[in-house]
Structures are given as C-alpha cells and as structure tokens.
Amino acid sequence: STMRKKKTTDSPHSSTDLSEGKEKLRLKQEVGLISGVSLIAGTMIGSGIFMSPEWVLHHMGSPGSSLLIWAACGLLAMFGALSYAELGTIIKESGGEYIYILRIFGSFPAFLFAYTSVILVRPAGLAAVCLSFAEYAVAPFYPGCSSPQVVVKCAAAACILLLTIINCLNVRLATSIMNIFTAAKLLALLVIVVGGLVLLAKGQTQSFQNAFQNTTPGIGAVGVAFYQGLWSYDGWNNLNYVTEELKKPEVTLPRAVMIAIPLVTCLYLLVNVSYLAVMSPSELLSSGAVAVTWGDKVLGSWAWLISMSVALSTFGSSNGTFFSGGRVCYIAAREGHMPDILSMAHVRCLTPSPALLFTSAVSLIMIISGSFTSIVNFFSFIAWLFYGMTISGLLYLKIKKPELPRSYKVPIIIPIIVLMAAVYLVLAPIIDQPQIEILYVILFIFSGIILYFPLVRFKCHSRFLQRVTLHLQLFLEVAPTARDAN
C-alpha cells in the first residue's frame with residue numbers, strides 16, 4: 001500500500017530490537033556534547049542575523065526596543081529548548097514535535113503537524129534562507145542600489161537546485177559543506193562584532209542616544225517583530241530531532257542547550273550593537289542587506305569579504321536545513337502518516353532523494369510566489385502554533401504523569417511562560433493586523449483532515465496510488481531502506 005500503519009524498515013546504519021512483538025528502531029548513538037552544541041549553534045546561526053535586524057527595527061521603531069526584542073527572543077528560545085530537553089528525556093525518540101505530539105495527543109494532530117511541516121514549514125524555511133543567500137550573493141554586482149527581485153529569485157532557485165544535487169548524490173559531501181560553512185559564518189560574525197566594538201570605543205554612539213524614541217506601540221507590532229527575531233533563533237529545538245543518536249541523551253540534551261543558546265544570544269546582541277554603531281536607524285532600515293552596508297562603511301575596499309562570508313554562511317545554513325529536512329518526513333512515513341515513496345532511499349547513493357526532491361520542488365514554488373519577510377511571518381506563525389501544542393503536552397505530562405521516569409526536570413513556570421508566549425505570538429498579529437494569508441494558512445492546516453480519514457484512519461488506498469509509487473520507484477531508482485541484519 002502507499003501508506004502503512006507502521007514501517008518495518010530503517011536505514012542500513014540502524015539497529016532493530018524486537019520487544020513484545022513491536023519493532024523499536026534504535027539509531028547509533030554517535031552525537032556527543034560538542035557535536036550537540038555545534039548542531040544547535042550551527043543551525044541557529046544562519047541567515048536571520050544578516051536579514052532580520054532591519055525588520056525588527058522596522059516594526060519596533062527604535063534601537064533600544066529592537067535590542068530588547070533580540071534579548072527576549074534569546075530568552076524565549078532558551079526556555080523553549082529547556083522544556084524540550086525534559087520532553088526528550090521522557091520520550092527518547094527522534095522526530096521532535098512530531099513524535100511528541102504523536103505519543104501525547106495521538107495520531108490525528110501528529111498527522112496534521114507532519115502534513116503541514118513536510119508540505120509548508122520545511123520548504124518555507126529553506127526558501128527564506130535561500131532568498132537571503134541570494135540577496136548577499138548578488139549584492140556586490142549592484143553597488144549602491146537594491147538588487148532586482150528577478151535576479152535575487154533566480155539566484156535563490158539556483159541555490160536550491162545545487163543543494164538538491166549535492167544532497168541527493170553524496171551524504172559525505174553534504175556534511176563536509178556544513179562543517180566548512182559553519183566556520184565561515186562564525187568568522188563573519190566575529191569580524192562584525194570586533195569592528196563594531198572598535199567604533200564604539202572611538203565614541204560612535206549616536207544611535208544609542210534616546211534609544212527608545214519613536215518606539216511603536218501595539219501588541220501586533222511586537223508580535224511581528226518577535227517573528228522576525230525568532231526566525232534568527234530557529235533551530236533551538238534541532239537536537240530533539242536526533243534524540244536516538246545522542247550519547248547519554250538525558251545528560252547531553254540539557255547541557256548542549258545551556259551552552260549553545262546563551263552563546264548565540266550574546267553573539268546576536270553584539271552584532272546588532274555593531275550594526276547600530278556603524279549605521280543610523282534610518283540607514284539600517286533602507287539597507288537591503290545589512291551586513292553588506294556595514295562592510296561598505298567599515299571595511300571599504302575589503303567589503304566584498306563580508307558579502308562572501310555571509311553568502312557562504314547562508315549557503316551552509318540552507319544546506320543544513322535541507323540536509324535535516326527529510327527527518328520528519330521519514331519518521332512520519334515510518335508511522336504510516338506519509339506516502340512510502342518519501343521514506344525510500346536511492347539504491348546506489350543511499351540518500352533520501354524522494355523527500356529531498358519533494359522539498360526542493362515546494363521551496364521553488366515558494367520562492368517564485370513569496371518574499372523573505374512574508375515567508376518568515378507565515379513560517380513563524382505555524383511553527384509557534386505547534387510549539388505551543390508541544391509545550392502544552394509537556395505540561396500535561398508534568399501534571400498528570402509525574403511518575404514517568406525523567407532524568408531532567410524543568411521548573412513548571414518555564415513551560416508556562418513559553419506556552420503564554422506561543423499563544424501571544426499566534427494571536428497578536430491576527431488580532432492587531434489581520435491578514436487574509438493567515439486564514440489561508442489555517443485552512444491549509446485543517447485541509448489535512450481530507451487526507452487523514454480516508455488514507456490514514458480507514459486506509460483507503462487506490463490501485464492508482466500504488467502504481468504511481470511503483471513508477472516513481474523505478475524512475476528515481478529508490479527502494480525501502482533495508483533493516484540491519486544485526
């Protein structure tokens with residue numbers, strides 16, 4: 001059939017245990033503390049810090065309030081990650097929100113999450129990162145003016161196609177690119193931080209005088225500013241997607257979170273201070289690529305280094321997003337919530353090429369039809385809707401199932417704060433600045449009902465779907481991944 005209740009396959013690098021007639025898939029535990037910190041920080045530091053500062057400032061109206069938003073976003077990401085750390089020590093399975101929602105709330109809401117994530121959220125995240133890569137990649141060719149949108153979108157599309165080829169052909173090449181480009185992004189941020197601190201020491205503090213003047217009031221403005229800021233912190237929950245691969249997850253998960261997120265928050269605040277030390281608020285708002293404008297003012301003829309570093313950084317981040325994008329897809333297919341074809345691998349390259357090709361195709365559509373800021377807003381709206389559901393699941397387990405074994409406990413006030421923030425982030429823009437697109441997003445989420453009942457609940461699979469799956473297998477040269485014989 002095209003969908004199965006429970007997949008009986010796993011990757012060749014996994015082991016399988018049979019217990020009480022049920023199959024439990026155990027991935028090799030190879031991710032330690034340093035790797036965990038790198039995974040969180042490397043995913044978080046992507047395109048956001050180079051694109052979002054102008055939008056946070058645009059919605060908040062003043063440098064002081066925008067810096068407060070950046071600090072609050074870091075604190076919220078920290079609280080969310082600590083809450084997820086407890087969930088990860090109770091439910092020691094990979095898959096992040098999907099597996100937590102499935103185990104706590106059941107099949108239907110988990111399917112809605114998987115459906116929305118695979119078709120909308122993951123491709124939207126990739127599209128936004130690739131658009132920011134394109135802005136910086138083409139900026140040096142259009143000095144002193146904004147780059148044409150057609151050129152930017154073509155460059156973003158080329159980025160996605162290149163990533164698709166790399167990730168479909170060779171896993172080792174994809175991971176090597178991820179490691180190299182992480183170094184590039186850290187170098188770019190350190191150059192910006194040091195340059196800004198030098199200018200501050202020389203007394204260039206005009207942007208910080210009357211720092212809160214012109215602050216925009218209104219819950220909607222704060223909510224949308226949070227969306228743009230939190231986009232830069234997205235990835236704080238990435239370690240929960242690989243829980244089965246962590247060494248001592250009960251120790252590694254909370255420790256990695258406590259190291260990585262404060263580190264990234266401090267870097268982000270220092271980078272924003274550096275931007276404001278070099279540019280006035282009006283200059284920052286008029287900049288299409290903030291870091292490039294910073295480079296023009298501080299580095300002069302060496303400004304191209306910033307453009308190159310940021311382009312490399314965002315390319316590496318988009319590669320990481322693309323590389324991990326198939327994980328929810330695979331696990332959802334394993335649980336019978338996605339078509340079999342999306343959990344298959346290429347017979348020679350051993351890469352999840354169907355899931356990667358699907359993500360690539362949807363991302364290309366989003367690039368053609370959307371802009372960076374609109375994609376980020378709708379991405380954040382959906383993400384925090386499901387973050388809120390996951391955190392409410394943790395509160396349910398803390399209150400109703402306190403006897404469940406857990407090696408790490410977060411104080412109950414922290415998930416309560418995160419849940420309140422999630423409710424605010426979902427409702428504030430709807431109440432204050434309602435947009436018809438948000439209604440479309442909500443309708444899309446619930447359109448999953450049309451697929452869930454016939455295909456998952458009642459397992460009505462037509463012969464046509466089976467034939468399509470077979471032809472796709474032959475065309476793409478893919479097959480279900482074999483279980484480890486051991």
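The values are calculated or read from the model by the stated rules, or taken from the named source; none is laboratory data. All values reported here derive from a predicted model rather than from experimental measurement. In this analysis, Cβ positions are derived from the backbone assuming ideal geometry, glycine residues included, and neighbour counts consider all displayed protein chains. For accessibility, only protein heavy atoms count, side chains too; no ligands or nucleic acids. Shrake-Rupley method; radii C 1.70, N 1.55, O 1.52, S 1.80 Å.
Considering 94, 62, 83, the condition of being of a type in the set (Ser, Thr, Tyr), over 14 Å from residue 230 (Cα atoms), out of contact with any His (no Cβ under 9 Å at 6 or more places or on another chain) and at pLDDT 90 or above is satisfied by 83 alone.
Residue selection: residue 105 satisfies the criterion of being farther than 18 Å from residue 46 by Cα and modelled with pLDDT of 90 or more. Of all the listed residues (303, 225), the sole one being open to solvent by less than 20 Å² (accessible area, probe 1.4 Å) and under 19 Å from the mean Cα position of the chain (by Cα) is 225.
For the range 188-195, the criterion of a residue being of a type in the set (Val, Ile, Thr) and closer than 26 Å to residue 352 by Cβ is satisfied by no position. Looking across the range 144-180, the residues that are touching a residue at least 40 places away in the same chain (Cβ under 8 Å) and outside any helix (DSSP H, G or I) come down to 146, 147, 170.
Provide a single number: the residues in the range 181-212 that are of a type in the set (Phe, Trp, Tyr) and without any contact (Cβ under 8 Å) to a residue 40 or more places away in the chain. So that I can check it myself, show each step before the final result.
From the range 181-212, those of a type in the set (Phe, Trp, Tyr) are 181, 208, 212; that's our starting set.
Subsequent filtering for residues that are without any contact (Cβ under 8 Å) to a residue 40 or more places away in the chain retains none.
Residues in the range 181-212 being of a type in the set (Phe, Trp, Tyr) and without any contact (Cβ under 8 Å) to a residue 40 or more places away in the chain: 0 in total.
The residue pairs whose first member lies in the range 285-305 and is without any contact (Cβ under 8 Å) to a residue 24 or more places away in the chain, whose second member is of a type in the set (Ser, Thr, Tyr) and in a helix (DSSP H, G or I), and whose beta carbons are closer than 8 Å, counting only pairs six or more residues apart or on different chains, are 295/307.
Scanning the range 410-444 for residues that are modelled with pLDDT of 90 or more and under 25 Å from the mean Cα position of the chain (by Cα) turns up 410, 414, 415, 416, 417, 418, 419, 420, 421, 422, 423.
How many residues, within the range 390-409, are small (Gly, Ala, Ser) and either open to solvent by less than 70 Å² (accessible area, probe 1.4 Å) or at pLDDT 90 or above (or both)?
Keep residues of the range 390-409 that are small (Gly, Ala, Ser), which gives 392-393, 407.
Remaining after also requiring either open to solvent by less than 70 Å² (accessible area, probe 1.4 Å) or at pLDDT 90 or above (or both): 392-393.
Adding up the residues that qualify gives 2.
Of the residues 446, 475, which is open to solvent by 30 Å² or more (accessible area, probe 1.4 Å) and in contact with a Leu (Cβ under 8 Å, 6 or more places away or on another chain)? Spell out how you get there, then give the answer.
Values: 475 fails: in contact with a Leu (Cβ under 8 Å, 6 or more places away or on another chain).
One residue alone meets the criteria, 446.
Among the residues of the range 423-439, those that are surrounded by 15 or more Cβ atoms within 10 Å (Cβ to Cβ) and either of a type in the set (Phe, Trp, Tyr) or touching a Ser or Thr at 6+ places or on another chain (Cβ under 8 Å) (or both) comprise 424, 425.
When you look at residue 362, is it open to solvent by 10 Å² or more (accessible area, probe 1.4 Å), within 19 Å of residue 448 (Cα to Cα) and assigned to a helix (DSSP H, G or I), yes or no? In short, yes.
Residues are listed down the side, and each one gets a yes or a no for (1) part of a helix (DSSP H, G or I); (2) surrounded by fewer than 21 Cβ atoms within 10 Å (Cβ to Cβ); (3) without any contact (Cβ under 8 Å) to a residue 24 or more places away in the chain:
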site: 70; (1), (2), (3): yes, no, no
site: 80; (1), (2), (3): yes, no, no
site: 87; (1), (2), (3): yes, no, no
site: 95; (1), (2), (3): no, no, no
site: 109; (1), (2), (3): yes, yes, no
site: 119; (1), (2), (3): yes, yes, no
site: 122; (1), (2), (3): yes, no, no
site: 125; (1), (2), (3): yes, no, no
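Restricted to the range 282-296, and to residues there that are in contact with a helix residue (DSSP H, G or I) (Cβ under 6 Å, 6 or more places away or on another chain) and either open to solvent by 30 Å² or more (accessible area, probe 1.4 Å) or among the small types (Gly, Ala, Ser) (or both), the residue that is farthest from residue 73 (Cα to Cα) is 295.
Here's the yes/no breakdown for (1) open to solvent by 20 Å² or more (accessible area, probe 1.4 Å); (2) farther than 27 Å from residue 294 by Cα; (3) modelled with pLDDT of 90 or more; (4) out of contact with any helix residue (DSSP H, G or I) (no Cβ under 6 Å at 6 or more places or on another chain):
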site	(1), (2), (3), (4)
139	no, no, no, no
145	yes, no, no, yes
155	yes, no, yes, no
177	yes, no, no, no
183	yes, no, no, yes
186	yes, no, no, yes
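With the condition kept exactly as written, say whether any residue in the range 98-106 is more than 18 Å from residue 267 (Cβ to Cβ), free of Cβ contacts under 8 Å to residues at least 40 places away in the same chain, open to solvent by 10 Å² or more (accessible area, probe 1.4 Å) and assigned to a helix (DSSP H, G or I). For the range 98-106, residues more than 18 Å from residue 267 (Cβ to Cβ), free of Cβ contacts under 8 Å to residues at least 40 places away in the same chain, open to solvent by 10 Å² or more (accessible area, probe 1.4 Å) and assigned to a helix (DSSP H, G or I): present. Of the residues 321, 351, 314, the single one that is in contact (Cβ under 8 Å) with a residue 60 or more places away in the chain, buried (at least 24 other Cβ atoms within 10 Å of the Cβ) and either touching a Cys at 6+ places or on another chain (Cβ under 7 Å) or closer than 21 Å to residue 138 by Cα (or both) is 314.
Just checking, how many residues over the range 269-310 are part of a helix (DSSP H, G or I) and either touching an Asp or Glu at 6+ places or on another chain (Cβ under 9 Å) or of a type outside the set (Gly, Ala, Ser) (or both)? Step through it out loud before you land on a result.
We begin by selecting, within the range 269-310, every residue part of a helix (DSSP H, G or I); these are 269-278, 281-285, 290-298, 300-302, 304-310.
Still in the running and either touching an Asp or Glu at 6+ places or on another chain (Cβ under 9 Å) or of a type outside the set (Gly, Ala, Ser) (or both): 269-273, 275-276, 278, 281, 283-285, 290, 292-294, 296-298, 302, 304-306, 308, 310.
Count: 25.
Checking the structure you have, find out if any residue of the range 228-235 is surrounded by fewer than 24 Cβ atoms within 10 Å (Cβ to Cβ), of a type in the set (Ser, Thr, Tyr) and either in contact (Cβ under 8 Å) with a residue 24 or more places away in the chain or in a helix (DSSP H, G or I) (or both). No.
Of the residues screened, residue 291 is not one that is over 15 Å from residue 232 (Cα atoms) and either small (Gly, Ala, Ser) or modelled with pLDDT under 80 (or both).
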